[in-house]
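I have a structure here, written as structure tokens, and I will follow up with some questions on it.
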Amino acid sequence: MASNSATQKDWYCILGAHPSDSQAELKQKYQKLALLQYHPDKQHKEEDIELTTEGSHKFIEISQAWKILGNEETKREYDLQRRETEMTRMCHVDNQVPLEEMEWEDDMEFYCYTCRCGGKYILTEDDLEQSLLVNCDSCSLIIEVYRNSRHLVQ
């Protein structure tokens, strides 16, 4: 998630949309761009070949944006990735820790990791579904928790 989000395109920007736009507004913006402006059938064949190629690439990009934002589930996942990226940029992440290095506390039902200040980073199962940034319970340090299957870029 984190490695993809660092290099991933801004699908809202591609559609000229905003995250708060409704599905109907997103669809309208997609249709305007894809069907009226950049559709291959709308491209003039006698135009400069570079402009035609650029229009084709733009059409593909718009279609990819709609594929993600037009589906509620993929849109929700994308929005979570965007939020995680924004939070990482806003907060200084002190360390990246694989989930496998955190200790599972059976009696309390949470993951725990010791901070260098002696405090604890605590992560519940529910937290894993939302955010992977965790604050120390006694200082201002933040860690990013990831699964070993993911590759993170520092």
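Any residue in the range 126-138 that is open to solvent by less than 30 Å² (accessible area, probe 1.4 Å) sitting within a Cβ distance under 7 Å of a residue that is aromatic (F, W, Y) and modelled with pLDDT of 75 or more? List the pairs, counting only those 6 or more apart or interchain.
Cβ pairs passing all conditions: L132/Y146; V134/Y121; C136/Y121.
Which of (1) open to solvent by 40 Å² or more (accessible area, probe 1.4 Å); (2) at pLDDT 90 or above; (3) closer than 27 Å to D21 by Cα; (4) out of contact with any Phe, Trp or Tyr (no Cβ under 8 Å at 6 or more places or on another chain) does K75 not meet, given it meets every other one?
Of the numbered conditions (1) open to solvent by 40 Å² or more (accessible area, probe 1.4 Å); (2) at pLDDT 90 or above; (3) closer than 27 Å to D21 by Cα; (4) out of contact with any Phe, Trp or Tyr (no Cβ under 8 Å at 6 or more places or on another chain), the odd one out for K75 is (1).
Here's a check for you: in the range 1-41, which residue that is at pLDDT 90 or above and of a type in the set (K, R) is surrounded by the fewest Cβ atoms within 10 Å (Cβ to Cβ)?
Within the range 1-41, the match that is surrounded by the fewest Cβ atoms within 10 Å (Cβ to Cβ) is K32.
Name the residue that is surrounded by the fewest Cβ atoms within 10 Å (Cβ to Cβ), counting only residues in the range 104-125 that are of a type in the set (D, E) and over 29 Å from D79 (Cα atoms).
D107
Filter the range 62-72 down to the residues that are of a type outside the set (K, R) and open to solvent by 60 Å² or more (accessible area, probe 1.4 Å) and list them by number.
Q64, N71, E72
For a quick check of your reading of the model, give me the residue pairs whose first member lies in the range 95-121 and is on the phi > 0 side of the Ramachandran plot, whose second is part of a loop (DSSP other than H, G, I, E, B), with beta-carbon atoms closer than 9 Å and at least 6 apart or on different chains.
E109/T124; G118/S138; G118/C139
Sticking with this one: Would you be able to tell me the number of residues in the range 78-103 that are surrounded by 13 or more Cβ atoms within 10 Å (Cβ to Cβ) and in contact with a Cys (Cβ under 8 Å, 6 or more places away or on another chain)?
1
The values are calculated or read from the model by the stated rules, or taken from the named source; none is laboratory data. Not measured: the values here are computed from a predicted model. Cβ atoms come from the backbone with ideal geometry, glycine included; neighbour counts cover every protein chain shown. Only protein heavy atoms, including side chains, enter the accessible area calculation; ligands, DNA and RNA are left aside. Shrake-Rupley method; radii C 1.70, N 1.55, O 1.52, S 1.80 Å.
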